[in-house]
Amino acid sequence: AKRNGGGQTSCYQVGMKEAVAERHSLESDMRIAMGRREFHLAYQPVMTLCDDRIIGYEALIRWDHPVRGLVPPASFIPVAEQSDQILAIGRWVLEEACREAATWIDDRHVAVNVSSVQLRSPRLLEHLISALTTSGLPADRLEIEVTETALIESGEKVSEILTAIRTLGVKVAMDDFGTGYSSLSHLRQLPFDRIKIDRSFVANAMTDQSSMAVLKGVIQIGRDLGVSTLAEGVETKGQLDLLRSLGCDVIQGYLIGKPTRIARQAMAAA
Ligand code: C2E
Ligand code: CA
Ligand code: CA
Ligand code: CA
């Protein structure tokens, strides 16, 4: 909107002010949320395409705000990252996910999202070890998910950090693959166990040739590198069939199961 003279504030400026106030409000509420046990984790199943087995779950944080209701992580995680609260929240997520996964009857893995801020923290390794030790969860049942963008932002030392994490026996997945830059060179250079192909490629593959090309290409590269490929956001049987025909290893999405408070066996989808 334009200024209509007389020094009045534009709609744009009002919008900016509201956004800043909103961020401050979330940020201060977040500081007390942990003590009030307002966070919990939801678990979304991951299924193999070769034999339709649930092999693990991704842990996704949920914030049940006393006034706002459920606040989506996309609204508060970026705020937590800017205020460094992500270090405390991220540590809690790690401990809670390991503690809950250790009670699961079978040996399914739990995948935990790790922010680039955590990845740059010198204490991440120590926090991983402590979460594993306290819970008794075997290291090979923990997987951390790091976004492709975080890997690039974190610079040269990231390769050493990932190697140290993998030396513990913890698996590393590259999240949201395809949405960042210089994807292919990073695939070659970085030590990791799984590629999670961003759900936008899955959603568009049927109608968009370039998405289909990326999907095919990444699955092929995964095979060549001996790295597991996971397709995110699978919502239809058609997408499942396509991914199976392309040789994708594992899938995740509403078709298999939505994130739920308690990790549970998903419905057979195939
Ligand atoms: P992400 O890591 O890419 O997680 C997948 C998101 O896609 C989740 O949203 C999940 O609920 C959603 N999803 C799963 N299957 C489908 C599907 O079939 N269709 C559609 N449309 N969506 C699907 P959610 O839980 O809202 O999380 C959003 C993002 O917030 C995550 O994206 C992740 O980047 C971040 N996040 C969530 N939990 C944590 C956490 O504990 N720590 C950190 N650092 N980030 C987290
Ligand atoms: Ca993830
Ligand atoms: Ca993802
Ligand atoms: Ca994402």
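The values are calculated or read from the model by the stated rules, or taken from the named source; none is laboratory data. Here the structure is a predicted model, which is why all the values come from computation and not from measurement. No Cβ is skipped: glycine too gets one built from the backbone with ideal geometry, and neighbour counts run over all protein chains shown. Calculation scope for accessible area: heavy atoms of the full protein, side chains included, ligands and nucleic acids excluded. Shrake-Rupley method; radii C 1.70, N 1.55, O 1.52, S 1.80 Å.
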(request) With respect to Ile197, determine if the residue is open to solvent by 40 Å² or more (accessible area, probe 1.4 Å), within 24 Å of Glu143 (Cα to Cα) and among the hydrophobic types (A, V, I, L, M, F, W, C). (result) no
(message) If I filter the stretch 175-194 down to residues being assigned to a helix (DSSP H, G or I) and either within 16 Å of ligand 2 (Cβ to nearest atom) or not small (Gly, Ala, Ser) (or both), which single residue comes out as most open to solvent (accessible area, probe 1.4 Å)?
(response) Arg188
(request) Scan the stretch 201-223 and give yes if some residue there is within 11 Å of ligand 1 (Cβ to nearest atom) and in contact with a Ser or Thr (Cβ under 9 Å, 6 or more places away or on another chain), otherwise no. (result) yes
(request) Go through Val67, Val79, Val71 for me and flag whichever is within 18 Å of the chain's Cα centre (by Cα) and farther than 23 Å from Gln252 by Cβ. (result) Val79
(request) May I ask you to list the residues in the stretch 159-174 that are open to solvent by less than 10 Å² (accessible area, probe 1.4 Å) and in contact with a Ser or Thr (Cβ under 9 Å, 6 or more places away or on another chain)? (result) Ala173, Met174
(request) Taking the options Asp176, Asp224, Asp198, Asp193, name whichever one is over 20 Å from Asn113 (Cβ atoms) and either acidic (Asp, Glu) or within 16 Å of ligand 4 (Cβ to nearest atom) (or both). (result) Asp224
(message) Take the conditions of a type in the set (Lys, Arg), open to solvent by 20 Å² or more (accessible area, probe 1.4 Å), within 16 Å of ligand 2 (Cβ to nearest atom) and more than 28 Å from Arg244 (Cα to Cα) and apply them to Arg68. Does it pass?
(response) no
